[in-house]
Amino acid sequence: MKRRKHVPLRSCIACRAKLPKRELIRVVSTPEGTLEIDPKGKRAGRGAYLCRKQQCCETALQPGRLSQALKSKVGATEVAALKASVASLIIEEAAFESQTAPPSMANTQGLA
């Protein structure tokens, strides 16, 4: 009998939902002191996870909330740059999903 592979769960810092690590966006405070998005989840540094929902990202990317999650002081300019990066990432993923999504049943049945 095959063993099921362990799926690591992480919590969104905005809504506290527990989701698989791969479904969340990781924001990392690097040892150099910069804030970056970590798409692979392997960068060194303290990380915080966000849902891929616009509302969660807006809530989580407030200087106080992000500072508490990363246990370091986060400036407003860093947060503004990060907000732009996360917003573009969410938009790109939504566009990619709409291109690769299978056609709906309404579109495949014709106009009859």
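Couple of notes before you dig in:
- Our estimate of slack between Glu58 and His6, defined as 0.36 nm per intervening residue step minus the Cα-Cα distance, is 15.7 nm.
- Cβ charges +1 (Lys, Arg) and -1 (Asp, Glu), total dipole of the chain, debye: 880
- Accessible area, probe 1.4 Å, largest first, for residues Glu97, Glu36: Glu97, Glu36
- Taking the range 60-85 and a reference point 7 angstrom along Cα→Cβ of Glu32, the backbone N atoms nearer than 16 Å belong to 78, 82.
- Taking only protein heavy atoms and a 1.4 Å probe, the accessible area of the chain is 55% carbon and sulfur.
- Highest-fluctuation residue, Gln55, Gln99, Gln68 considered, GNM on the chain with Cα pairs under 10 Å: Gln99
- Per-residue SASA entry for Thr100, accessible area with 1.4 Å probe, Å² rounded to 10: 80
- Charge tally for Glu93 (other residues, Cβ to Cβ under 12 Å; Lys, Arg +1; Asp, Glu -1): -1.
- Protein heavy-atom accessible surface, 1.4 Å probe, per residue over the chain: 73 Å².
The values are calculated or read from the model by the stated rules, or taken from the named source; none is laboratory data. Small disclaimer: the values here were computed from a predicted structure and weren't measured. Note that we place each Cβ from the backbone using ideal geometry, even for glycine, and neighbour counts take in every protein chain shown. We work out accessible area using only protein heavy atoms, side chains counted, and drop any ligands, DNA or RNA first. Shrake-Rupley method; radii C 1.70, N 1.55, O 1.52, S 1.80 Å.
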